[in-house]
Amino acid sequence: MTETGFEKAPARDRRRFPGISSRAYEHPADRSALVALRKLSGFDTVFKALSGLLPERSLRLLFLSDSVRVGETQFPHLYAMLRDACYILDLEKVPQMYVQQDPRPNAMCIGLDEPIIVVTTSLVELLDEEEMRAVVGHEVGHALSGHSVYRTILLFLTNLALKVAWIPLGNVAIMTIVTALREWFRKSELSADRAGLLVGQDVTASMRGLMKLAGGNHLHEMNVDAFLEQADEYEKGGDLRDSVLKILNMLPRTHPFTTVRAAELKKWSESRDYQRIVDGHYPRRDEDKDTSVSDSFRESAAHYADSVRTSKDPLFKLVGDIAGGAADMGGRLRDKFTGAAGGAAAPGKDRSGDSGGSEGTADGATGRG
């Protein structure tokens, strides 16, 4: 396999998705933001112009000088997984990949001009082959979506915020942007988890990998169903105080909590959307230019509305109840002032002003329905 082409199919029989658009697996909140940005004229040019200010060159030199570059002679099994993932998602140019010595299990995809994938030694040692395949697919999904650009900016701004913390209001302004980027990035992680599943095509391996990130290499002591029950308990447990604490705990993070990621991925793996992709029905990259921004935002809004409506979290339930109560109150006020409610018309009169008759009552009943 060359850096820009493919010489062989994946190691085992897995479906390939020629020309697949990242829109196929992107979380609705992630997708709407990316579609809007892609529609902005000159967006890529502006961010590439910032490359002199951003630490991308420094990061590339750092990894080249102090990490191990994955290839045919170094970590060849990871290189095979990387080529495999690019083959399945039809990413023509294979990103450079590095293994970095770090006791923390982690992986990331960064870069403005070209994405770089970095995995830590701890992660490589923690995961088995199929679990690692899902992680590599996760990072290739980031590359295909263009997430590496925003991740690089997030790293830059986070470091900048530390340097200007002493400047009055300077840190506040930067951290506002960082907080917004982190919120987007958490959604992008859910998108990349889906890409990892499309590459590995083994939901059990994806679940195992997430459990290991949470509890280490002790699979004999863990259970997928019990792990997913934790996510359900986390979502619906506690009171409004706990809901506020959940938000505060999440704000500084770039990744969603592992139990939440597992539950989200399991739900998507059982959805009609996932099955349609597996069956070969998915958006193509050559259709991206025709994508409607308004449709994407509507889909995102519908997703959030559905999340609030179905959430078991006490705060979300309260928001839903308030919204539902406001809508119900608004409906009663509307009926009162428009005469739609029963008894709103004067006694002995129907809505047309004629003498009271059964037809007027029937029409009023129909109107309320």
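The values are calculated or read from the model by the stated rules, or taken from the named source; none is laboratory data. Since the structure is predicted, the reported quantities are computational estimates derived from the model, not experimental observations. Reconstructed Cβ throughout: ideal geometry from the backbone, glycine too, with neighbour counts over all protein chains shown. For accessibility, only protein heavy atoms count, side chains too; no ligands or nucleic acids. Shrake-Rupley method; radii C 1.70, N 1.55, O 1.52, S 1.80 Å.
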FRET efficiency estimate (nearest 0.05) - Cβ-Cβ, Glu270 to Thr204, R0 22 angstrom: 0.95
Once Met222, Met108 are ranked on solvent-accessible area with the largest value leading and a 1.4 Å probe, the list reads Met222, Met108
Under 15 Å from the Cβ of Ser122, count the other residues' Cβ atoms, weight Lys and Arg +1, Asp and Glu -1, and hand me the total. -2
Under a point spin-label approximation (7 Å from Cα along Cα-to-Cβ), what is the Asp90-Val278 distance to one decimal in nm? 2.0 nm
With every protein chain kept in place and a 1.4 Å probe, the residues Arg133, Arg15 fall, from largest accessible area down, as Arg15, Arg133
At a 1.4 Å probe radius, which order do Lys93, Lys266, Lys212 fall into by accessible area, largest first? Lys93, Lys266, Lys212
At a probe radius of 1.4 Å, what is the per-residue accessible area of Leu112, in Å² to the nearest 10? 20 Å²
Projected label distance in nm at Asn223 and Arg15, using a 7 Å step from Cα toward the beta-carbon: 3.2 nm
Set the Förster distance to 22 Å, then compute FRET efficiency between Glu125 and Arg69 from the Cβ-Cβ distance, nearest 0.05. 0.75
